[in-house]
Amino acid sequence: MLRKEHLRVSRAGGGYHPQFTDEGDRALAASLLGTFQGHVGERRATLREALDDAERGADSFKLVRGLAALLEREATFETRAAVPPQRTRRVVFESAESVGVASEDERTEALSLAADRLGVDADTVERSLYADRDENQLLAAFEPRWSPETLLEQYDLSLAQTALFDATEVRVRSSEPADLVSAVKRLGLMYEVRHTDDGRELVVTGPDSLFRATRRYGTSFARLLRSVAKTDDWRLSATIDDRGRERTMTLTDADVSVPGVEPISEPTYDSAVESEFAAAFASLDTDWELVREPEPLETGTRVMIPDFAFDYAPAGADVGTVAERFRVYFEIMGFWTPEYVEKKLSQLETVEDVELLVAVDESLAASEAIEARDHRAIPYAGSVRVKDVLDALRAFEAGLVADAAADLPDQIVPEADAIGLEELAAEYGVSVDAVEGKSFPEHRLVGRTLVRPTVLDAAGEGIEAGMSLADAEERLAEHGITDASAALSALGYRVEWEGLSGGTVREKAESTAE
């Protein structure tokens, strides 16, 4: 971004048009790069004199100053003095008081006295006295990231960002509006997605714009432009408050290209409430998969993008085997303005036929209004309790398990001689709960594994009392049985543990004293 004093715009036709660079400005960009490179080791004041000369020879002094401002950020300036300037000034001023400086000779005498006290000559004192002033600092290094071409690209981006400082509303059309919503929300801006004849339009405002025009959020609009430019095909239209007069600025991907685009990606979540909830939910082992910012939902002529969605994914089930995966959307309503709450409630009233949970800050007193719109409200204070959300999800889960169980045959005959319940449930794309209540006429349930009785007997023939647990586990594994503890118990054995050295297989009837 540039300072407002560097802004170059045309107001022809009542519009607001940033004056971007063209191929003819390449020579100027190259010259300014050379100016900085040629002044390494010299005072900043000398560099500025050279830049002043460049301004006088250019068509636009603002263009020179804008490009120079970008290049100066790539420069390293240092204070170089034989004696620290602050110490030098203190000693010189003390010496001047003792001499009583009122003439050039007395000034020379005071410098000489200070030099004696500092142990250097008077010329060194003179050079060190104000070496830390801006104009006396030296250009120590200049290692620009830009070539003449990319410098002009960066200038055009910075110019467009500066023009957005005075924006009160920004409208973006893009083939990927959902990708921009994360950046918008993380910048603390309000938004909505509207349908247009040729797609969707993201409309972004600052919260204060609900009451009055504001420039407070202009820098956030400017930062948003970097993320907008990440998409291949976009068009941005902004309402600009131009000294009290409303003007429209339009930008497209043909106007601005961004070298090294780094779209906004932090913070990861819009608020601490969302971040804490996501972290807490991710630490649990459930049949629900948390999805961040899922696809937009229809809300009449507009759309909304919920904060999260929960996909029902029974443990071990392959995504491809789950028919029409069940999804519950989740929105977190934190504290904001009454107008925002009313707008959100309006969205909830017209949202398409989906399952939606809404965690609502108790201070909003909006739970009843949410329930009246046929959505489940989960009040919270400070943070969203994961237990409350899980309780709501389990209500859906109970129905899903019942439906899945009803679709299964009453008797299930697995092809495998031994198969775990989780593996069997995954084959059917259901939860373990859905298969547990079924009948298995050809298998015996041993712990959490279904085993054909003949296979269990065959495995038992290779096991005898007194053998090590490790050897017994190996024999059972040869028959596809991995739950050794349950299998040994079914065969009439127990395990006698011997500290850290392992276990020994014993018959259940054997005395533990043996």
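Please give the contour-minus-distance gain from Ala486 to Arg292: 0.36 nm per residue of separation, less the Cα-Cα distance, rounded to one decimal in nm.
Once the chain is fully extended between Ala486 and Arg292, it gains 65.8 nm.
Can you put Val413, Val203 in order, fewest other beta carbons within 10 Å first?
The fewest-first ordering by Cβ neighbours comes to Val413, Val203.
Looking at the chain, how many pairs of lysines come closer than 27 Å at the Cα, when each pair is eight or more places apart or spans two chains?
Lysine pairs, 8 or more places apart or on different chains, close enough: 8.
Taking the simple approach of a point 7 Å from Cα along Cα-to-Cβ for both Ser275 and Asp59, what is their distance in nm?
4.8
Can you put Ile419, Ile481 in order of Cβ neighbours within 10 angstrom, beginning with the fewest?
Ile419, Ile481
Which residue, chosen from Leu224, Thr35, Ala458, occupies the Cα position most advanced towards the positive end of the dipole of the chain, where the dipole is computed from +1 (Lys, Arg) and -1 (Asp, Glu) charges on Cβ about the Cα centre?
The residue sitting most towards the positive pole is Thr35.
Treat every Asp and Glu Cβ in region 418-507 as -1 and every Lys and Arg Cβ as +1, leave all other atoms uncharged, and give the resulting dipole magnitude about the Cα centre to the nearest 20 debye.
240
Quote to one decimal, in nm, the extra length available between Glu436 and Arg245 on full extension: 0.36 nm per residue of separation minus the C-alpha distance between them.
The span from Glu436 to Arg245 would gain 61.7 nm if fully extended.
Once phi is turned into θ = phi - 60°, what whole-Hz ³J(HN,Hα) does the Karplus curve with 6.51, -1.76 and 1.60 give for every residue of region 362-373, x standing for Gly and Pro?
4, 5, 7, 6, 10, 4, 5, 5, 5, 4, 5, 9
Going through region 1-100, which trypsin sites (Lys or Arg not before Pro) have at most 10 other Cβ atoms within 10 Å and a DSSP loop state?
For trypsin sites (Lys or Arg not before Pro) across region 1-100 that sit outside H, G, I, E and B with at most 10 neighbouring Cβ atoms in 10 Å, the list reads Arg73.
Quick one: length gained pulling Ala254 to Ala381 fully straight, 0.36 nm per residue minus the C-alpha distance?
41.0 nm
Under a Cβ-only charge scheme (Lys and Arg +1, Asp and Glu -1), can you give me the dipole magnitude of the chain about the Cα centre, in debye to the nearest 20?
The dipole of the chain has a size of about 2620 debye.
Assuming R0 = 45 Å, can you tell me the calculated FRET efficiency for the pair Asp353 and Glu23, based on Cβ-Cβ distance, to the nearest 0.05?
With a Förster radius of 45 Å, E is 0.25.
Calculate how many DSSP beta bridges within the chain are antiparallel, expressed in % of all such bridges and rounded to the nearest 5.
Antiparallel bridges make up about 85 percent of those DSSP assigns within the chain.
In 20 Å bins starting at zero, report the fraction of Cα pairs in the chain per bin as a rounded %.
Reading upward from the zero bin: 16, 29, 26, 19, 9, 1.
Fewest first, what order do His195, His443 take by the number of other Cβ atoms within 10 Å?
With the fewest neighbours first, His195, His443 line up as His195, His443.
Please give the FRET efficiency for Val40 paired with Tyr130, using the beta carbon to beta carbon distance and R0 = 25 Å, rounded to the nearest 0.05.
0.70
Roughly how many nanometres apart are two label points built 7 Å out from the Cα toward the Cβ at Asp471 and Asp407?
4.9
So for each of 233-246, 92-105 I average, over its residues, the number of other beta carbons within 10 Å; can you give me the resulting order with the highest mean first?
Sorting 233-246, 92-105 by mean packing, highest first, produces 233-246, 92-105.
For the pair Gln86 and Asp232, what calculated FRET efficiency results from E = 1/(1 + (r/R0)^6), where r is the Cβ-Cβ distance and R0 = 35 Å, to the nearest 0.05?
0.05
Would you work out which of Ala102, Ala114, Tyr130 lies farthest towards the positive end of the dipole of region 85-130, given +1 charges on the beta-carbon of Lys and Arg and -1 on that of Asp and Glu, about the Cα centre?
Towards the positive end, the residue furthest out is Tyr130.
Mean Kyte-Doolittle of at least -1.0 and a Cα length of 27 Å or more along the axis: which whole DSSP H helices of the chain meet both?
386-407
If amide H atoms are built 1.01 Å from N in the plane of the peptide, which residues on other chains or at least 5 residues away come under 5 Å of the amide H of Gly420?
Leu450
When the Karplus curve 6.51 cos²θ - 1.76 cosθ + 1.60 is applied with θ = phi - 60°, which whole-Hz ³J(HN,Hα) does each residue of region 430-438 get, with x for Gly and Pro?
10, 7, 4, 4, 6, 9, 4, x, 8
No lab work stands behind these numbers, since they all come straight from the coordinates. Here the structure is a predicted model, which is why all the values come from computation and not from measurement. Using ideal geometry, Cβ is built from the backbone for each residue, glycine included, and neighbour counts are taken over all protein chains shown.
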